[in-house]
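The values are calculated or read from the model by the stated rules, or taken from the named source; none is laboratory data. Because the structure is predicted, anything quoted here is derived from the model rather than measured. Cβ atoms come from the backbone with ideal geometry, glycine included; neighbour counts cover every protein chain shown. Surface accessibility is based on the protein's heavy atoms, side chains included, excluding ligands, DNA and RNA. Shrake-Rupley method; radii C 1.70, N 1.55, O 1.52, S 1.80 Å.
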Amino acid sequence: MCEGKNTVLCGANAYEMKYYFNERFNGIPESVKDELHIICVLFTEEVGGVFTIAFEEDGNVVMETDAEENDIYYDEISSGLLVSEIRRNRQELFEALSLYYRVFILKEDVSGLLEG
């Protein structure tokens, strides 16, 4: 599942009450998958709409949120604040996911990064 040039890792949809995890990333440890599941579902429960965590082409992790045009309950300001809070509180998780993507998907040699 790709949106533009980003590859979706996981996401939740408040309208359909569903969670999605991209099976391409099944090598990620279960504890990390569980944490991602919790992040996505709690986000949509609090803010509504659709929330995804994706990888950019270079492996950076991005969070995206969107809502249906007629959704009067979706709060764009709250969603932006919550994305910032998640990024701040889960910075190590997102750095580890980025490294995972670079090593296992992009097949980069990151040994120089690990030594530093």
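Values as computed for the structure displayed
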quantity	calculated
Verdict on I105 being among the hydrophobic types (A, V, I, L, M, F, W, C) and without any contact (Cβ under 8 Å) to a residue 24 or more places away in the chain	no
Residue count, segment 1-33 (criterion: of a type outside the set (S, T, N, Q) and farther than 19 Å from F104 by Cβ)	11
Qualifying residue in segment 16-37 (condition: touching a residue at least 12 places away in the same chain (Cβ under 8 Å), surrounded by fewer than 19 Cβ atoms within 10 Å (Cβ to Cβ) and touching a Gly at 6+ places or on another chain (Cβ under 8 Å))	yes
Among the residues listed as S98, S78, the single one being modelled with pLDDT under 95 and open to solvent by less than 60 Å² (accessible area, probe 1.4 Å)	S78
Filter pass, G59 being surrounded by 13 or more Cβ atoms within 10 Å (Cβ to Cβ), free of Cβ contacts under 8 Å to residues at least 40 places away in the same chain and on the phi > 0 side of the Ramachandran plot	no
